[in-house]
Amino acid sequence: MKQQRPLTITGGRLVLPGEVRAGALRCVEGRIVGLGAIDPEDGDEIVDAGGKLIAPGLVDFGVFAVDKPAFHFGGITRAALMPDQAPPLDHPARVQFLAYSGKPDFWVHPLAGATRGLEGRELAELALMRDAGARGIATGRGWIADSGIMLRLLRYAAMLDMVVVSHAEDAGLVGSAVATAGEMATRLGLPSAPAQAEAVAVARDIALAEMAGARLHFRQVTTQAALDLVRAAKRRGVAVTAGVTPAHYMLSDLAVAKFHTYARLSPPLRQEADRQAVIAAIADGTIDVIASGHDPRGPEDKRLPFADAEPGMAGAESLLAMVLSLVRDGVIDMARAFALAAGNPAQLLGVPAGRLETGLEADLVLVDPDKPWVISSTRMAASAGNTPFDGQPVQGRATALYKGGVAIG
Amino acid sequence: MTLPPITPARGQYPAGGLAFPHRGLLGIAGLETHEILFLLDEAEQWVELNRRAAKHSEALAGLTIINAFFENSTRTLLSFEIAGKRLGADVVNMLAAQSSIKKGETLIDTAVTLNAMRADAIVIRHASSGAVALIADQVACPVLNAGDGQHEHPTQALLDALTIRHALRERGKSEEFNGLRVTICGDILHSRVARSNILCLASLGARVRVCAPPALMPEAIEAMGVETFHDFEAALDGADIVMMLRLQNERMQGQFIPSPREYRHLYGLTAQRLRRCAPDALVMHPGPMNRGVEIDSEVADLAGTSLITRQVEMGVAIRMACLDVLTRRSRGVEGWAEAQGNRA
């Protein structure tokens, strides 16, 4: 769908890199052409934002399903798709198919599976997948245990100038654990692993990436110890970035009480001190990306005993509200909220979107940041309602969405 | 001003169904101290009955009890079956090895099926923590947890408490648990028996110590009100009761101890180690025992000290009490009508 007629959105508050400013936005042929104190031109379609935020469409870094209704509800216009598909994204043809699967009104950026079958043993055809549309390389939900293979992967990725997205949990320490070791796991009798399994993995991957000169992104860093390692590496100038999902700054492992499988996540929910550390890391810039980790799972995967249930949550619809809660709590300002959820992930993927800037794609979301609503697992746009935030009142909702200057829905 | 909690004295409980307002027995975690004592007191009549020649009651006549065991068990299954039969109920056993679970039916579907058969109580054992609560949500009748994964095994804890109470009574001691020093040693990490016993004994006022090598000691177990030890001798010092647990090899993924021989060297209960306990200490084991590993035969068979066969006896009485109490609502026992107290 090409934008047929120029569009000017007036009377809004523009969420620009670094500031929020009243103004208008004009886009032509799918690109942003004007920002700020501008007027519509003759023949423009005019939309009055009515004082709402005009913001870049969210770029959701690391989702497990292409679930368009949920993404559109959540103000998301692009997503980086994890290679953990059935079958895994380790072949150029599948990458190419998925890269087109959301168009025209939603863009999927596949992350190439780092190893064949995501088994951590043999490198997949990374250059072919890059040229088929992969925007990064991901190890999947597992860790590459063999450090030799990880180093070769990072060197190869550096040559291809692709970011490597790593899952930071030491497989030996984790084993078949489904919870973080601590009082909750002990009381419930759940197989658990120490939170330090994350720091062990982060330390190794940083050391190898530094050696290889590769760009390394941890999709989720959820513990104090691991965040400290990322913070120190950034200070040394290592090209490392870190992400997190709202579950790890909104919830602690108390949420798994009563064996609530919607709170079965990978990595598992942590203790309260780690939750606080994640919030501090969002505030001080150690965390660069907030993503939904969207993974809709139906009853056949979730209505099971806790340890037998699949990990993952349907997070696309609540992502925006959960990021805005950080603004309301004074952790970050509005401009940084959209840097975390749109600008930084777009930059990691190397796509011309994620910011309001002339020349970039007109992927836009109009946001009423105060609109109250209640997250309900039974009434969701997603293909399944597995949200640990069921019943939670939140504020902030996308009221209109544009992909390449064309209104969606 | 906060009021002190109202805890009825032993033998004096709220009237009728308020004495035990729970729909099922999923764990010790949800129980008040007086509710635990109520079940122990209720079991006394069944201890007595079970010692007679004719061990039969018609209390549950006409009721159907399903023992749904998704994990192998010999003694617990037998104990529940005998308990149900002695109460006059029709008891049916469903064993996973023979069921459609093997054909891929989900646990929820199995639960719905059991419910449709209009059982009056379902006793469940399952290898996953939380599985019993999941089934309990799907069925209309009371559910008894006969062991779920590494989570809870409430009737074991209750029968252990009843065993201790009887042993104290026979020695002419106070039947109070207050200050009683209990040492639980073994594979605490994988043990639902340990978790239920810790909760039950701590609730009754005992001072509980747990002892295990680091790999078999769960993180933050102190938060459950116990003192932790790696040194078995120190853990035994002055103990009134020693509970030995089996190494749960079937739950271990990977190696947790170097060898059974080495385990016995550090944690086997020998006659010599028993001497570190209080002079007339009692020894317990939930069974099945690995003789010569966690407990020496000499100790396991020590008359007057070993309560191991007594535990089995009390198990039947406790399970009779639980089945009786939990079916009182559906049987319309006076004071136990549906309206009166019905918590999960």
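Mean residue ellipticity at 222 nm, helices only, chain B: -10000 deg cm²/dmol; runs of at least 4 DSSP H residues each add -39,500 (n - 2.57), and the sum is divided by the number of residues. Using a 10 Å Cβ count of at most 13 others and DSSP loop calls, identify the longest part of chain B lacking such GluC sites (Glu not before Pro). Result, exposed sites excluded: B:177-333.
For B:Arg171 and B:Thr228, a Förster radius of 45 Å and the Cβ-Cβ distance give a FRET efficiency of 0.95, rounded to the nearest 0.05. Here the Gaussian network model covers chain B, with springs between Cα atoms less than 10 Å apart; of B:Leu134, B:Leu269, B:Leu323, B:Leu134 fluctuates the most. In units of the compact-protein estimate 2.2 N^0.38 Å, region A:222-367 shows a Cα radius of gyration of 1.12. Most simply put, chain A has about 50% antiparallel DSSP beta bridges, counting only bridges with both residues inside it. The residue list B:Ile108, B:His166, B:Ala121 was ranked by how far each Cα lies along the charge dipole of region B:104-246 toward its positive end, using unit charges on Cβ atoms, and B:His166 comes out on top. Taking other residues whose beta carbon is less than 13 angstrom from the beta carbon of A:Asp67, and scoring Lys, Arg as +1 and Asp, Glu as -1, yields -1. The Cys residues in chain B with no partner Cys Cβ within less than 4.7 Å of their Cβ are B:Cys141, B:Cys200, B:Cys277, B:Cys322. For region A:103-125, the residues whose backbone nitrogen is under 20 Å from a point 7 Å from the Cα of A:Ala145, taken along Cα to Cβ, are A:114-124. Of the residues A:Thr139, A:Thr186, A:Thr387, the one that moves most in a GNM of chain A with alpha-carbon contacts below 10 Å is A:Thr186. Between B:Gly11, B:Gly205, B:Gly88, the GNM of chain B built on Cα springs shorter than 10 angstrom shows B:Gly11 fluctuating the most.
Computing FRET efficiency as 1/(1 + (r/R0)^6) for A:Lys258 and A:Asp42, where r is the C-beta to C-beta distance and R0 is 45 Å, gives about 0.15.
Each helix, a run of at least 4 DSSP H residues, gives -39500 (n - 2.57); summed and divided by the residues of chain A, these come to -8000 deg cm²/dmol at 222 nm.
In the protein assembly as shown, taking the dipole from charged Cβ atoms about the Cα centre, the farthest positive-side position among B:Ile135, B:Gly186, A:Val164 is held by B:Gly186. With the cut-off at under 19 Å, measuring from each backbone N in region A:304-347 to a point 7 Å along the Cα-to-Cβ line of A:Thr378 picks out A:304, A:314. Using a cut-off of 27 Å between Cα atoms, the listed pairs A:Lys371/A:Lys403; A:Lys2/A:Lys371; A:Lys52/A:Lys403 include A:Lys2/A:Lys371 as exceeding that distance. Modelled spin-label separation between B:Glu48 and A:Glu300, with each label point placed 7 Å from Cα along the Cα-to-Cβ direction: 5.6 nm. Given R0 = 60 Å, the distance between the Cβ atoms of B:Asp280 and B:Met117 translates into a calculated FRET efficiency of 0.75. Close amide H pairs (under 5 Å, H built 1.01 Å from N) link A:Ser377 with A:Gly391, residues at least 5 positions away or on another chain. Between A:Ala22 and B:Ser57, the simple spin-label model (points 7 angstrom out along Cα→Cβ) gives 7.9 nm. Applied to region B:23-35, the Karplus parametrisation 6.51 cos²θ - 1.76 cosθ + 1.60 on θ = phi - 60° returns per-residue 3J(HN,Hα) values of 6, x, 10, 9, x, 7, 3, x, 9, 7, 4, 5, 6 Hz, with x for Gly and Pro.
Only the Cβ atoms of Lys and Arg (+1) and of Asp and Glu (-1) were treated as charged; on that basis the dipole of the protein assembly as shown about its Cα centre amounts to roughly 540 debye.
No value in this document is a laboratory result; all are computed from the given coordinates. Fair warning: this is a prediction, and the values are worked out from it, not measured in the lab. Neighbour counts are summed over all protein chains in view; Cβ atoms, including those assigned to glycine, are modelled from backbone coordinates with ideal geometry.
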